[in-house]
Amino acid sequence: MTSRTIRLMSWNIHRGIGPDRRFDLDRIAAVIRRHAPDILALQEIDTRGRDPACLVPLKGILTPDGHFAEARTKIAPDGHYGHALFSRWPMTGTLVHDLTVWRREPRSVIEATIETQHGALHIVAVHLGLEITERHRQARKLARLAREPKGMATVMLGDFNDWFSFGQVRRTLAAVLPERTSLKTFPAARPTLKLDRIYSSTRGSIRRSWTDHEARACSDHLPLMAELTFGPSERLLDGHARAEDDYPANDRRSA
């Protein structure tokens with residue numbers, strides 16, 4: 001039996017506004033098409049004060065029948081704000097979990113099973129809070145979500161807002177999601193922080209990860225891409241994440 005490769009992408013699109021202060025989802029869609037992900041997570045999607053048709057460049061971007069789930073964390077009379085998960089393949093069992101802590105900004109996570117052409121994959125798309133204790137509580141819930149599925153690999157992706165070298169989110173998730181990317185994505189003009197990440201429960205599954213410095217004109221974050229390869233019969237694994245330096249040099253591309 002052959003291995004299974006899936007391409008993922010996560011990007012905080014900064015409400016569709018680039019450093020030139022121009023709202024332009026067409027240029028964001030162009031970057032996404034260039035990298036051709038199978039599964040895509042976007043954070044900071046904002047339609048407030050705009051024509052609802054503004055999302056047309058994003059919906060159906062993966063395929064004409066692209067599958068889509070969203071988490072609206074702020075709803076106003078003139079639109080909404082939140083994050084979304086897109087897939088080439090059908091999504092089942094989609095749930096939106098509330099991660100809001102106390103009176104902090106509303107936060108949520110999208111959980112789904114994606115029926116890929118290679119088999120079922122458990123996906124969790126996130127956008128965590130800005131305060132340390134807030135993220136600590138959120139990370140514990142994420143770890144519980146990662147433990148729940150049986151017989152499926154778990155992949156978690158998004159903006160974790162965890163900028164410390166040994167941040168609480170990373171430590172909390174390490175036992176259940178031992179594999180992760182480790183690329184700098186923020187600020188886009190000169191990245192110094194590893195805010196955006198892709199985690200996997202299967203050791204050795206992240207074979208290649210990269211960013212796209214040309215996308216700095218679109219948002220204050222760079223997009224993060226990764227190719228995950230699973231064997232013919234994977235199971236959830238425990239262990240520790242490999243350091244990015246453990247990957248061959250030609251399998252890492254950063255801005």
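What follows is calculated from the coordinates using simple rules that are stated; it is not laboratory data. For clarity, every value in this text was computed on a predicted model and none was experimentally measured. Cβ coordinates were reconstructed from backbone atoms using ideal geometry, including for glycine residues, and neighbour counts include every protein chain displayed.
For region 25-175, just say rounded, prolate or oblate: build the C-alpha gyration tensor, square-root its eigenvalues into a ≥ b ≥ c, call rounded for a/c under 1.5, and beyond that prolate if a/b exceeds b/c, oblate if not. The partial results should precede the final answer.
Numbers: a/c = 1.80, a/b = 1.17, b/c = 1.54.
Oblate is the answer for region 25-175, as a/c is 1.5 or above yet b/c matches or exceeds a/b.
Taking square-rooted eigenvalues a ≥ b ≥ c of the alpha carbon gyration tensor, is region 17-76 rounded, prolate or oblate, where a/c under 1.5 means rounded and, failing that, a/b exceeding b/c means prolate?
Because a/c hits 1.5 or more and a/b fails to exceed b/c, region 17-76 counts as oblate.
How far is helix 132-147 tilted off the main Cα axis of the chain, in degrees rounded to 10, range 0 to 90?
50
Quick check on packing: order 52-60, 80-88, 64-72, 215-223 by the mean number of other C-beta atoms within 10 Å, highest mean leading. Can you show the working numbers first?
Values: 52-60: 14.8, 80-88: 21.6, 64-72: 16.3, 215-223: 23.8.
Taking the mean over residues of other Cβ atoms within 10 Å, the ranking is 215-223, 80-88, 64-72, 52-60.
Expressed as an acute angle from 0 to 90° and rounded to the nearest 10, what is the orientation of the C-alpha long axis of helix 25-35 relative to the principal long axis of the chain?
The two axes meet at around 20 degrees.
Based on other C-beta atoms within 10 Å, arrange Trp11, Trp89, Trp102 from fewest to most. Can you show the working numbers first?
Details: Trp11 30, Trp89 20, Trp102 9.
Result, fewest neighbours first: Trp102, Trp89, Trp11.
Work out the charge dipole of region 62-202 with +1 on the Cβ of Lys and Arg and -1 on the Cβ of Asp and Glu about the Cα centre, then indicate which of Leu99, Ile123, Phe164 is farthest towards its positive end.
So the residue we want is Phe164.
Roughly how many Å is it from the Cα centre of region 49-80 to that of region 82-141, as a whole number?
Cα centroid to Cα centroid, the span is 17 Å.
Which order do Lys184, Lys150 fall in if you start with the one that has the fewest other Cβ atoms within 10 Å? If you can, show how the numbers build up before the last one.
Details: Lys184 17, Lys150 8.
The order, fewest Cβ neighbours first, is Lys150, Lys184.
Based on DSSP H runs of at least 4 residues, each adding -39500 (n - 2.57), what is the mean residue ellipticity at 222 nm of the chain after dividing by all its residues, to the nearest 500 deg cm²/dmol? Write down the numbers at each step before the final one.
Values: 3 runs with 33 residues, N = 255.
Helix-only estimate at 222 nm: -4000 deg cm²/dmol.
Among (i) 0.93; (ii) 1.11; (iii) 0.98, which is the computed Cα Rg over 2.2 N^0.38 Å?
Step by step, Cα Rg over 2.2 N^0.38 Å for this structure corresponds to label (i).
Give me Asp24, Asp196 ranked fewest to most by other Cβ atoms within 10 Å of their Cβ, as a rough exposure proxy. Kindly include the intermediate steps, with their values, before the conclusion.
Numbers: Asp24 16, Asp196 28.
Final ranking by Cβ density, sparse to dense: Asp24, Asp196.
Thr192 versus Asp24, label points 7 Å from Cα toward the beta carbon: distance in nm?
2.7
Quote the relative contact order of the chain in percent (integer), defining contacts as alpha-carbon pairs under 8 Å separated by 6+ residues. Intermediate results must be reported in sequence, preceding the final value.
Numbers: 627 pairs, mean separation 53.1, N = 255.
Value for the chain: 21 percent.
Evaluate the distance, in nm, between pseudo-label points positioned 7 Å from the Cα of Leu95 and of Lys150 along their respective Cα→Cβ axes.
1.5
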